[in-house]
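The values are calculated or read from the model by the stated rules, or taken from the named source; none is laboratory data. Bear in mind that the values here come from a model prediction, so they are computed numbers and not experimental data. Cβ atoms come from the backbone with ideal geometry, glycine included; neighbour counts cover every protein chain shown. What goes into the accessible areas is simple: the full protein's heavy atoms, side chains included, and nothing from ligands, DNA or RNA. Shrake-Rupley method; radii C 1.70, N 1.55, O 1.52, S 1.80 Å.
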Amino acid sequence: MKLHEYQAKALLSKYGVPVPRGEVASSLSEVRRIAKSFEGNCVVKVQVHAGGRGKSGGVKLVKDVDSAVAVAEQMLSGNIVTIQTTAEGVPVNELLIEEALDVTKELYLSILVDGGLGRVIVMASEAGGMDIEKVAEDSPDKILKEVIDPNIGLMAYQARNLSIGLGLDREFHSQFIKLLLGAFNAFIQTDCSLIEINPLVITSQGQLLAIDAKASIDDDALFRQKDESFNYDSRQELEIENLARASGLSYVKLDGDVGCLVNGAGLAMATMDVIMAAGATPANFLDVGGGADVNKVHKAVDILLSDSGVKKVFVNIFGGILRCDVVAEGIVAATKSRKTHTPPIVVRMLGTNADEGRKILKEAKIGVHLVNDFTEATKTIKSLS
Ligand code: GDP
Ligand code: MN
């Protein structure tokens with residue numbers, strides 16, 4: 001679950017990481033009030049679940065209240081498109097208005113899960129700011145990395161290594177180490193998968209501060225992060241993914257034209273490989289899960305088919321706790337309730353009640369292509385293109 005910048009900053013601040021003074025606004029009158037409190041000397045920042053705002057007009061420094069309001073009016077008038085969004089962009093509903101700081105140096109700091117290592121890592125660079133991706137590509141040696149032992153956590157020497165590696169003047173070491181430990185505690189205590197502070201700045205007043213912050217909470221840990229009451233902003237996400245989330249389905253939209261409905265994440269991934277092997281591309285990842293009922297399968301098919309890019313569907317079910325007849329009934333109910341044309345559906349069913357499931361699909365006469373194995377599935381998907 002992605003947090004907005006202002007939410008990530010509130011979290012970091014709670015753990016002792018210094019952040020600029022600021023407030024969120026969603027109307028021009030609020031912008032005026034907040035900008036006045038900084039005597040007009042402020043930064044206006046769009047709050048969206050995407051980075052790259054600075055290069056797309058989503059971050060503006062202003063010197064007076066009227067300019068703050070003018071900039072805010074422009075920002076609130078439509079979507080913002082950055083290198084990290086779709087061509088359509090994301091809506092701007094909120095702005096963060098912060099005191100403007102006199103920045104003398106921009107650093108980079110992040111804490112994230114490294115899937116390859118199976119460890120949390122801390123990364124830091126003295127070349128922070130808007131071109132960090134280019135730094136990572138052209139001069140990876142400028143990015144320092146500490147791998148965290150999960151049994152011990154971040155060790156003081158690792159924080160010191162980074163501080164020294166960043167080439168900070170002596171006076172900043174204790175500030176940096178305290179800040180990093182705070183950010184690390186926030187990461188662990190709130191089950192984050194990412195905290196990124198870019199830039200982490202040094203001001204002319206000699207203070208280290210997070211002037212940008214990104215945070216993501218691991219969705220699988222949300223059940224135990226309820227107290228934190230992170231207000232999730234679903235307006236920033238795709239409508240289709242919100243629908244799936246509300247129905248308890250794991251759905252990720254992809255760019256291809258073969259919609260997939262599968263039970264189990266491993267099988268879902270293998271299925272996407274098969275689709276690629278057939279020379280086609282999956283339109284989505286969709287795991288209905290083990291405990292689905294007819295209604296949930298019906299919803300899953302609805303969501304899958306609501307993507308206009310889907311030209312054919314591959315249902316790949318290995319019946320276990322989820323019975324094949326339940327899946328078949330869900331598919332039949334969904335296709336029968338459709339008012340528009342249903343793309344061809346290829347179904348492979350094995351396991352619990354597979355015969356019953358196949359019978360239901362045959363008798364419903366909804367034009368499903370029943371296949372017996374992956375090879376046949378591949379051939380059929382190919383023949384449909
Ligand atoms: P991003 O482009 O989405 O990562 O947005 P950031 O919050 O990182 O802002 C982009 C850039 O704006 C930063 O890299 C800074 O250079 C600049 N910036 C943001 N806030 C301030 C500020 O208070 N003072 C100054 N001088 N620059 C700022
Ligand atoms: Mn940034």
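Let's see how each residue does on (1) open to solvent by less than 40 Å² (accessible area, probe 1.4 Å); (2) within 19 Å of the chain's Cα centre (by Cα); (3) of a type in the set (S, T, N, Q):
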site: Q74; (1), (2), (3): no, no, yes
site: E94; (1), (2), (3): yes, yes, no
site: S125; (1), (2), (3): yes, no, yes
site: G128; (1), (2), (3): yes, no, no
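Condition check ((1) open to solvent by 10 Å² or more (accessible area, probe 1.4 Å); (2) within 22 Å of D273 (Cα to Cα)) across all residues:
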{"site": "I321", "(1), (2)": "yes, no"}
{"site": "I331", "(1), (2)": "no, no"}
{"site": "T340", "(1), (2)": "yes, no"}
{"site": "V346", "(1), (2)": "no, yes"}
{"site": "G351", "(1), (2)": "yes, yes"}
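Look through the range 38-73, keep the residues that are assigned to a helix (DSSP H, G or I) and within 24 Å of P199 (Cβ to Cβ), and return whichever of them is farthest from ligand 2 (Cβ to nearest atom).
Taking the range 38-73 and keeping what is assigned to a helix (DSSP H, G or I), we get 54-56, 65-73.
With within 24 Å of P199 (Cβ to Cβ) added as a condition, the list becomes 54-56, 67-68, 71-72.
Working: G54: 6, K55: 10, S56: 12, S67: 22, A68: 20, V71: 18, A72: 19 Å.
Only one residue fits best here, namely S67.
Which numbered condition trips up L162, out of (1) under 12 Å from A124 (Cα atoms); (2) surrounded by fewer than 20 Cβ atoms within 10 Å (Cβ to Cβ); (3) hydrophobic (A, V, I, L, M, F, W, C)?
Failed condition: (2).
For the range 254-277, state whether one or more residues are assigned to a helix (DSSP H, G or I) and over 30 Å from V371 (Cβ atoms). If you could, list the steps in order and put the result at the bottom.
We begin by selecting, within the range 254-277, every residue assigned to a helix (DSSP H, G or I); these are 265-277.
Next cut, over 30 Å from V371 (Cβ atoms) only: none.
No: the range 254-277 contains no residue that is assigned to a helix (DSSP H, G or I) and over 30 Å from V371 (Cβ atoms).
All but one of (1) surrounded by 14 or more Cβ atoms within 10 Å (Cβ to Cβ); (2) within 16 Å of ligand 1 (Cβ to nearest atom); (3) among the hydrophobic types (A, V, I, L, M, F, W, C) hold for I121; state the number of the condition that does not hold.
Single failed check for I121: (2).
Could you please give the count of residues in the range 353-368 that are open to solvent by less than 70 Å² (accessible area, probe 1.4 Å) and in contact with a Leu (Cβ under 8 Å, 6 or more places away or on another chain)? First the steps, then the outcome.
Quick first cut of the range 353-368, residues open to solvent by less than 70 Å² (accessible area, probe 1.4 Å) only: 353-354, 357-358, 360-361, 364, 366-368.
After this cut, where a residue has to be in contact with a Leu (Cβ under 8 Å, 6 or more places away or on another chain) as well, the list is 358, 361, 368.
So the count comes out to 3.
Answer with yes or no whether A100 is within 16 Å of ligand 1 (Cβ to nearest atom) and free of Cβ contacts under 8 Å to residues at least 60 places away in the same chain. Break it down into steps so the answer makes sense when it comes.
Details: within 16 Å of ligand 1 (Cβ to nearest atom): yes; free of Cβ contacts under 8 Å to residues at least 60 places away in the same chain: no.
No; evaluated as a whole, the condition is false for this residue.
Only one of these is under 26 Å from the mean Cα position of the chain (by Cα) and polar (S, T, N, Q): T281, T342. Name it.
It is T281.
Quick test for you: out of E106, E133, pick the one residue that is within 16 Å of ligand 1 (Cβ to nearest atom) and surrounded by fewer than 13 Cβ atoms within 10 Å (Cβ to Cβ). Steps first, answer last, please.
Working: E106 fails: surrounded by fewer than 13 Cβ atoms within 10 Å (Cβ to Cβ).
Testing whether each residue is within 16 Å of ligand 1 (Cβ to nearest atom) and surrounded by fewer than 13 Cβ atoms within 10 Å (Cβ to Cβ) leaves just E133.
Determine whether the range 175-197 contains at least one residue that is surrounded by 16 or more Cβ atoms within 10 Å (Cβ to Cβ), among the β-branched types (V, I, T) and either within 12 Å of ligand 1 (Cβ to nearest atom) or outside the structural domain of A10 (by TED's automatic domain parsing) (or both).
yes
Is the range 150-157 home to any residue that is open to solvent by 20 Å² or more (accessible area, probe 1.4 Å), within 30 Å of N284 (Cα to Cα), aromatic (F, W, Y) and away from ligand 2 (no atom under 16 Å from the Cβ)?
Applying the first criterion (open to solvent by 20 Å² or more (accessible area, probe 1.4 Å)) to the range 150-157 yields 150-152, 154-157.
Among the residues that remain, those that are also within 30 Å of N284 (Cα to Cα) are: none.
Within the range 150-157, not a single residue is open to solvent by 20 Å² or more (accessible area, probe 1.4 Å), within 30 Å of N284 (Cα to Cα), aromatic (F, W, Y) and away from ligand 2 (no atom under 16 Å from the Cβ).
Residues of the range 198-213 being surrounded by 18 or more Cβ atoms within 10 Å (Cβ to Cβ) and away from ligand 1 (no atom under 14 Å from the Cβ), which ones?
Of the range 198-213, the ones surrounded by 18 or more Cβ atoms within 10 Å (Cβ to Cβ) are 198-202, 208-213.
Scanning the range 198-213 gives no hits.
Filter the range 13-25 down to residues that are within 18 Å of E94 (Cα to Cα), more than 16 Å from ligand 2 (Cβ to nearest atom) and either open to solvent by less than 70 Å² (accessible area, probe 1.4 Å) or touching a helix residue (DSSP H, G or I) at 6+ places or on another chain (Cβ under 6 Å) (or both), then give me how many there are.
So in the range 13-25, the residues within 18 Å of E94 (Cα to Cα) come out as 20-25.
Filter once more, so that each one left must be more than 16 Å from ligand 2 (Cβ to nearest atom): 21, 23-25.
Cutting the leftovers down to either open to solvent by less than 70 Å² (accessible area, probe 1.4 Å) or touching a helix residue (DSSP H, G or I) at 6+ places or on another chain (Cβ under 6 Å) (or both) gives us 23-25.
The total comes to 3.
Answer yes or no: is there a residue in the range 216-233 that is part of a strand (DSSP E or B), open to solvent by 30 Å² or more (accessible area, probe 1.4 Å) and either farther than 19 Å from S13 by Cβ or touching a residue at least 40 places away in the same chain (Cβ under 8 Å) (or both). Before you say what the answer is, go through the steps one by one.
Pass one, the range 216-233, residues part of a strand (DSSP E or B): 216-217.
Filter again for open to solvent by 30 Å² or more (accessible area, probe 1.4 Å), leaving none.
Scanning the range 216-233 turns up no residue that is part of a strand (DSSP E or B), open to solvent by 30 Å² or more (accessible area, probe 1.4 Å) and either farther than 19 Å from S13 by Cβ or touching a residue at least 40 places away in the same chain (Cβ under 8 Å) (or both).
Looking only at the range 28-60, filter to residues that are among the small types (G, A, S) and on the phi > 0 side of the Ramachandran plot; which one of those is farthest from the chain's Cα centre (by Cα)? Talk me through it step by step, then tell me what you get.
Taking the range 28-60 first, the residues among the small types (G, A, S) are 29, 35, 37, 40, 50-52, 54, 56-58.
If we keep only those that are on the phi > 0 side of the Ramachandran plot as well, we get 40, 52, 57.
Numbers: G40: 34, G52: 15, G57: 22 Å.
Per the stated criteria, the residue is G40.
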